[in-house]
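Following: one structure in structure tokens, then a few remarks.
The values are calculated or read from the model by the stated rules, or taken from the named source; none is laboratory data. What you see is a predicted model, and the numbers here were worked out from it, not measured in a lab. Positions of Cβ are generated from backbone atoms using ideal geometry, with glycine treated the same way; all protein chains shown enter the neighbour counts. Note: accessible area is taken over every heavy atom of the protein model, side chains too, but ligands, DNA and RNA are not part of it. Shrake-Rupley method; radii C 1.70, N 1.55, O 1.52, S 1.80 Å.
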Amino acid sequence: MKNILLAILSGLLLAISWPTYGFPLFLFFGFTPLLVAEYGVRKEKYSKLKVFGLAFIAFFIWNMITTWWIYNSSAFGMWFAEIVNTLMMTIVFWIYHIVAKKTNFTISTLFLACFWMSFEYLHLQWQISWPWLNLGNGFASFTSWIQWYEYTGTFGGTLWVWIVNIGVFKSVLLFLEHRDKTILYRAAIRNGLFILIPILISFVILKTYTEEGKDIEVVLLQPNINPYTEKYNTSDKRVGELLTTLTNSEITESTDFVIAPETVFADNNRLHQFSNSTAKKTAGNILKMYPNANFLSGISLIDVFNDPSRIRTQTNIYKENVFYDDYNSAFFVRPDGTDELYHKSKLVVGVENFPYQSILKPILGDVMIDLGGTVAKKTTQEDREVFFTKDSIGVGTMICYESIYGEFTTGYIKSKANFLSIITNDAWWGNTQGHRQHLSYAKLRAIETRRSIARSANTGISAIINQTGSVVTSLGYEKQGALKGTLKTNDKVTFYVKAGDYIARIAVFLAIFIFLFSVTRRKQKIAT
């Protein structure tokens, strides 16, 4: 019973650490009760089964409390996400238990930290991608603590969490063995320094950082269209009229960009007819009045064809000999009428892609794991698209889910983006932590890349975020309106942009090496 309570405590500590309601200090102790419980049963009969159960309890509590809001979009999607992610976390901890039984404390805990980061790295790469609870994201509401993410990315935060948890765990074991209070005093000082020193370094970086670059004025549109009752029953003509009204309420002669949210134009737009679409005409009409501005917006596009040779893995079948590619796109229109398109590359699991279709489709059929969005397989493009104005100002546009991927975002910077925009529709989750967490993760991208961010959200929260991850101005959830503000461009490249998730790649190598070492060591022992 004691060990079950420890597992529950771990789950609760991790949950109350999470943005945007939590305090991340608890992350530094969140895994410790579970580690103590695992150590307590390590030599017992059926220890593997017990550890699996304890870890599942802890991680299920963490997942449910922090991401229950998926239920507002889909009950099946929520249970799928919670159970699969819990199982994956549990398996990571369970394999640590196996390694810990064969190696010493230092090797096994090093393996745990590296293997956990390997798991997080996998979540950024594979088709069932759900990196929402990657530990480095946990500091998103306390950006003054993590200004050094420009060197490490979020994996620096994950490593930080594990270093302190392992230090606290070691101190607890020593105290339980020797019952000497001086162990606790020394541990408090040592682990306190491990927490405080990175925070102090971050404060120094924050106080000495100066935003440089050209000031640009942006107008962010927030139409507040309900995706369940209005969005797909509203014509593009009406949407265009609304966006024009919102734009005119804030736009000035100095405005450089007008930015509208994800898929705001969704009225059966054909890819090859975009130049004659209502969306393009809306942009053109606005730019006629304000020829110094550029228009950026989201749009749903469909490319229907009959040629079977054009079929790709992401192609949808409408009926016999009729196929279509479905795009979640951003379009950019300059004052001279020239335009460009970018098709979303990082897709929401189930909503926009069918993960491992050849394996899962025979089992699940055509069911889509709806986590919030338009349920259809989307077609992507490989390269990050940066839109440039006639004055060579580059904007990298992330569409919704793309903004939670750090290394992915660096592709825009490498393609010469001077600032970033996020166009999104978070209304699927309702007025919950879902949209607040999504906004807070955008702050991490600003710090990692030192790029200001202009975020246009259908129902909110639209915001301008500066290069240190601070929200300069915002428009609240479920408010219709336009948000005008100024941000600075930047052309400097951070170490993280150059190196990417190098900490994770090192962790993957070490985790594999330690695991093979532990297995080989066991075999040699049996052979002798």
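Would you mind checking the pairs LYS390/LYS492; LYS48/LYS170; LYS344/LYS414; LYS378/LYS443 and listing those with alpha carbons more than 25 angstrom apart?
Exceeds cut-off: LYS378/LYS443.
Enter the angle in degrees (range 0 to 90, nearest 10) between the Cα long axis of helix 181-208 and the first principal axis of the Cα atoms of the chain, meaning the one along which they spread out most.
Once rounded, one gets 20 degrees.
Quick one: helix 47-67 against the long Cα principal axis of the chain, what's the angle to the nearest 10°, folded into 0 to 90?
Approximately 30 degrees, to the nearest ten.
Cut-off under 18 Å on the C-alpha distance; same-chain residues fewer than 8 positions from LYS484 excluded. Which lysines are left, in chain and number order?
LYS214
If you average the alpha carbon positions of the stretch 12-66 and of the stretch 404-439, how far apart do those two centres end up, in angstrom?
Each part reduced to its Cα centre gives a spacing of 29 Å.
Over the chain, what is the mean sequence separation of C-alpha contacts under 8 Å (at least six apart), divided by residue count, expressed as relative contact order in percent?
Relative contact order here is 18 percent.
Measuring with a 1.4 Å probe in the full set of protein chains, what accessible area per residue, in whole Å², belongs to the chain?
41 Å²
Rounded, prolate or oblate for the stretch 193-264? Axes are the square roots of the Cα gyration tensor eigenvalues, ordered a ≥ b ≥ c, and the cut-off for rounded is a/c under 1.5.
oblate
Residue-wise, which Karplus ³J(HN,Hα) couplings in Hz belong to the stretch 240-249, taking 6.51 cos²θ - 1.76 cosθ + 1.60, θ = phi - 60°, and x for glycine or proline?
Coupling constants for the stretch 240-249: x, 5, 5, 5, 5, 4, 5, 4, 5, 6 Hz.
Peptides 60-72, 186-198: what's the order by average Cβ count within 10 Å, highest mean first?
60-72, 186-198
When DSSP assigns beta bridges and you keep just the ones with both residues in the chain, what percent turn out antiparallel, to the nearest 5?
65 percent
Considering amide H positions built from the backbone, and no H for Pro or chain starts, which residues 5 or more places from VAL258, or on another chain, come under 5 Å of its amide H?
Here VAL219, ASN294, PHE295, LEU296 satisfy the definition.
Run the reach check for LYS2 against aspartates and glutamates, Cα to Cα strictly under 15 Å, same-chain hits fewer than 8 apart removed. What comes back?
Those aspartates and glutamates meeting the cut-off are GLU38, GLU44.
With every protein chain kept in the model, how would you rank LEU487, LEU110 by accessible area, 1.4 Å probe, largest at the top?
Sorted descending by solvent-accessible area, the residues read LEU110, LEU487.
May I ask for the angle, rounded to the nearest 10°, between helix 433-449 and the longest principal axis of the chain, with both axes built from Cα atoms and the value confined to 0 to 90°?
It is inclined by approximately 90 degrees.
Determine which aspartates and glutamates satisfy two conditions relative to LYS416: a Cα distance under 12 Å, and not lying fewer than 8 residues away in the same chain.
GLU385, ASP491
By per-residue mean of other Cβ atoms within 10 Å, what is the highest-first order of 424-436, 400-412, 496-508?
Packing proxy ranking, top to bottom: 400-412, 424-436, 496-508.
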